[in-house]
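Have a look at the structure below, then the notes.
The values are calculated or read from the model by the stated rules, or taken from the named source; none is laboratory data. Remember, it's a predicted structure, so these values are computed and weren't measured experimentally. Note that we place each Cβ from the backbone using ideal geometry, even for glycine, and neighbour counts take in every protein chain shown.
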Amino acid sequence: MSLNPRIWQPVAAVFSVANLAAVWFAATPGEPWHASVHAALAVGSALWVQRLEGRRRAAAASDSLPAEVFDELSILRSEVAELSERLDFAERVMAQPRPAENPQSLRP
């Protein structure tokens with residue numbers, strides 16, 4: 001199951017901002033480990049946002065292929081199907097046993 005970037009990107013962004021704010025609240029009472037965990041979570045979720053953005057852009061780029069590409073692809077598919085049929089025919093012809101040649105019929 002893949003993640004839908006349209007849904008999870010805002011969630012990850014809010015998570016990143018919330019953890020960034022939590023760094024200050026955790027560091028105020030003097031808890032460096034707690035603040036470090038929140039900082040690591042903020043950086044990790046910010047990287048996740050960037051990854052989801054890249055995935056969303058890649059999906060948008062693949063959806064925006066011009067119609068000429070799809071036309072060319074359908075032509076190539078039909079040519080491959082025709083070549084496959086010809087190959088099957090050639091294999092069937094080659095698989096047939098050859099008739100035995102009569103050496104007497106070759107003499108003049």
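If the condition is being aromatic (Phe, Trp, Tyr) and surrounded by 12 or more Cβ atoms within 10 Å (Cβ to Cβ), then the range 1-47 contributes TRP8, PHE15, PHE25. Kindly check whether there is at least one residue in the range 56-76 that is more than 30 Å from PRO5 (Cβ to Cβ) and modelled with pLDDT of 85 or more. Looking for residues that are more than 30 Å from PRO5 (Cβ to Cβ) and modelled with pLDDT of 85 or more, one finds at least one in the range 56-76, hence yes. Residue by residue through the range 26-59, note down the ones that are assigned to a helix (DSSP H, G or I), farther than 19 Å from ALA13 by Cα and without any contact (Cβ under 8 Å) to a residue 40 or more places away in the chain. Correct list: ALA26, ALA27, PRO32, TRP33, HIS34, ALA58.
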